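Working notes, structure below.
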Amino acid sequence: DAKTTQPTSMDCAEGRAANLPCNHSTISGNEYVYWYRQIHSQGPQYIIHGLKNNETNEMASLIITEDRKSSTLILPHATLRDTAVYYCIVRAYNNAGNMLTFGGGTRLMVKP
Amino acid sequence: EPEVTQTPSHQVTQMGQEVILRCVPISNHLYFYWYRQILGQKVEFLVSFYNNEISEKSEIFDDQFSVERPDGSNFTLKIRSTKLEDSAMYFCASTRRPTNEKLFFGSGTQLSVL
């Protein structure tokens, strides 16, 4: 699976958009970009994933560059409850299972 | 939304003892996983399980570890002879299919080996 690079930490004001970048310059054509988050010491929570098109769901938007070498997770109106570690994971289609390789992630602090 | 349930939430054991961590995956899911997270470190994959067999396992998952689906609802992780370095938060997860689907994680069992 391709390696990802994320900033260690970011701050965001409550109510503002949080834009979390991720670099994955060695991504292969069959690899998807997944975002998960972990609030305090809870289990990781799925946010969104995509292959090459931008994606949006009730939690967030995912913007993937045309060359697919980087992506941005957007939380449109961050709340205090969005304070968490956000993980960008790149993974290929694999019939053996959905093994995820977590990196260090970005620690997002949403401030009032 | 359906949930993965893990019990107990905290487990304290003496070094060398056996522990069994229990998970109830989401009812129509077929693929099951264990991950762990040592305090302050990354979430690490341990094992995936499908059709009563291990599909994949990491280097961490050595002979001290085993998994089982003893009935139609539970999925367990057994550590035969615990070591101090097994102290971690253990997360169970499940999916319906192995690919391009989100993993549903449980809230974890904090294992402390003394």
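The values are calculated or read from the model by the stated rules, or taken from the named source; none is laboratory data. Computed from a prediction, not measured in an experiment: that's the story for all the values here. In this analysis, Cβ positions are derived from the backbone assuming ideal geometry, glycine residues included, and neighbour counts consider all displayed protein chains. Remember, those area values only see protein heavy atoms, side chains included, never the ligands or the DNA or RNA. Shrake-Rupley method; radii C 1.70, N 1.55, O 1.52, S 1.80 Å.
In square angstrom, what is the accessible area per residue of chain A with a 1.4 angstrom probe?
Values: 5670 Å² over 112 residues.
Averaged over the residues of chain A, the accessible area is 51 Å².
My understanding is that a pair violates if its Cα-Cα distance is over 29 Å; which of A:K3/A:K52; A:K111/B:K57; A:K69/B:K42; A:K3/B:K78; A:K52/B:K78 do that in this structure? Kindly include the intermediate steps, with their values, before the conclusion.
On the way: A:K3/A:K52 17 Å; A:K111/B:K57 40 Å; A:K69/B:K42 23 Å; A:K3/B:K78 31 Å; A:K52/B:K78 40 Å.
In this structure, A:K111/B:K57; A:K3/B:K78; A:K52/B:K78 lie more than 29 Å apart at Cα.
Sort out for me the Cα centre separation of region B:69-104 from region A:23-92, rounded to whole Å.
24
What are the semi-axes of the equivalent ellipsoid for region B:11-114, taken as the square roots of 5 times the Cα gyration tensor eigenvalues, largest first, in whole Å? Could you put the intermediate results ahead of the total?
Working: eigenvalues 101, 41, 30 Å².
Its equivalent ellipsoid spans semi-axes of 22, 14, 12 Å.
Short version: what are the Cα gyration tensor semi-axes of chain A, square root of 5 times each eigenvalue, largest first, in whole Å?
Sorted largest first and rounded, they come to 23, 15, 12 Å.
Leaving out ligands, DNA and RNA, and with a 1.4 Å probe, what % of the accessible surface on region B:1-47 is carbon or sulfur?
Numbers: 1290 of 2640 Å².
Within region B:1-47, the accessible surface is 49 percent carbon and sulfur.
Dipole magnitude of chain B about its Cα centre, charges +1 at Lys/Arg Cβ and -1 at Asp/Glu Cβ only, in debye to the nearest 20?
Working: 11 positive and 14 negative charges, 32 e Å.
Computed about the Cα centre, the dipole is about 160 debye.
With a 1.4 Å probe, how much accessible area is buried between chains A and B, both sides summed, in Å² to the nearest hundred? Mind dumping the intermediate values first?
Working: alone 6600 and 6710 Å², together 11460 Å².
Using a 1.4 Å probe, the pair buries roughly 1800 Å².
On average, how many beta carbons from a partner chain sit within 10 Å of the beta carbon of a residue in A:41-52? Numbers along the way, then the final one.
Numbers: counts 7, 6, 16, 10, 4, 7, 1, 1, 3, 0, 1, 0.
So the per-residue partner count for this stretch is 5.
May I ask for the Kirkwood hydrodynamic radius of the protein assembly as shown, worked out over all distinct Cα pairs and given in angstroms to one decimal?
Working: mean 1/r = 0.0550 Å⁻¹.
Computed over the protein assembly as shown, the radius equals 18.2 Å.
In chain A, which cysteines lack any other cysteine Cβ under 4.7 Å from their own?
A:C12
Considering protein heavy atoms only and a 1.4 Å probe radius, which residues within region B:52-72 exhibit an accessible-area decrease of no less than 40 Å² in the full assembly relative to the chain by itself?
Buried by the other chains: B:E56.
Give me the percent of the accessible area of chain A that comes from carbon and sulfur atoms, probe 1.4 Å, all protein chains in place.
On the way: 2750 of 5670 Å².
About 48 percent, which is the carbon plus sulfur part of the accessible surface.
Could you give the size of the charge dipole of chain A about its Cα centre, using +1 on the Cβ of each K and R and -1 on the Cβ of each D and E, expressed in debye and rounded to the nearest 20? Intermediate results must be reported in sequence, preceding the final value.
Details: 10 positive and 9 negative charges, 36 e Å.
It works out to roughly 180 debye.
Farthest toward the dipole's positive end in region B:1-89, which of B:L46, B:I60, B:H10, given Cβ charges of +1 (Lys, Arg) and -1 (Asp, Glu) about the Cα centre?
Ranked along the dipole, the leading option is B:H10.
What is the dipole size for the protein assembly as shown, taken about its Cα centre, with +1 at each Lys and Arg Cβ and -1 at each Asp and Glu Cβ, in debye to the nearest 20?
Once rounded to the nearest 20, the dipole reads 280 debye.
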